[in-house]
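Structure, as structure tokens:
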Amino acid sequence: QGQLVESGGGLVQPGGSLRLSCTASINNFANYAMGWFRQAPGKRRELVARVNNLGYQYYPDPELGGRFAISRDTTTKTLYLQMNNLKPEDTAVYYCHVIETSYWGRGTQVTVSS
């Protein structure tokens, strides 16, 4: 209970795409806001995108919002992050989080390099 498992990371060339998934083992998944965060080496963990229980999406950085898309499937309790036109500066460990709880995944590495 309370487990989040990310998958879908990997090595991709600049301009490529990846789709991250986060499978949640929590009760009342549909009631929670969920978010994707990332942390690059030597930098603070930052919010990439979040989606509330009504499906409303928020991207703190509009530039990321133009390339990334967060979504959720309440039936399978899965959170997604579609990442397009990836850039080297997107390289980081990406984490899934249940907003306003202590639930975090262990992260999945995304590396954008030629």
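The values are calculated or read from the model by the stated rules, or taken from the named source; none is laboratory data. Computed from a predicted model, the values in this text were never measured in an experiment. A quick note on method: Cβ atoms are made from the backbone with ideal geometry, for glycine too, and the neighbour counts reach across all protein chains shown. Accessible surface areas use protein heavy atoms only, side chains included; no ligands, DNA or RNA. Shrake-Rupley method; radii C 1.70, N 1.55, O 1.52, S 1.80 Å.
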For Gly15, state whether it is in contact with a Ser or Thr (Cβ under 6 Å, 6 or more places away or on another chain), small (Gly, Ala, Ser) and either within 22 Å of Ser114 (Cβ to Cβ) or at pLDDT 95 or above (or both).
no
Per the filter on the stretch 4-22, residues surrounded by fewer than 16 Cβ atoms within 10 Å (Cβ to Cβ), touching a Lys or Arg at 6+ places or on another chain (Cβ under 9 Å) and not in a loop (DSSP other than H, G, I, E, B) are Val5
Counted residues in the stretch 65-77 being crowded, with 18+ Cβ neighbours inside 10 Å and not charged (D, E, K, R) come to 2
Over the stretch 23-41, the set of residues within 16 Å of Met83 (Cβ to Cβ) and small (Gly, Ala, Ser) is Gly35, Ala40
Restricted to the stretch 45-63 and to residues being within 12 Å of the chain's Cα centre (by Cα) and hydrophobic (A, V, I, L, M, F, W, C), the residue most open to solvent (accessible area, probe 1.4 Å) is Leu47
Taking first residues from the stretch 80-97 that are over 13 Å from Gly8 (Cα atoms) and second residues anywhere that are of a type in the set (Phe, Trp, Tyr), the pairs with Cβ under 7 Å that are 6 or more apart or on different chains are His97/Phe37; His97/Tyr103; His97/Trp104
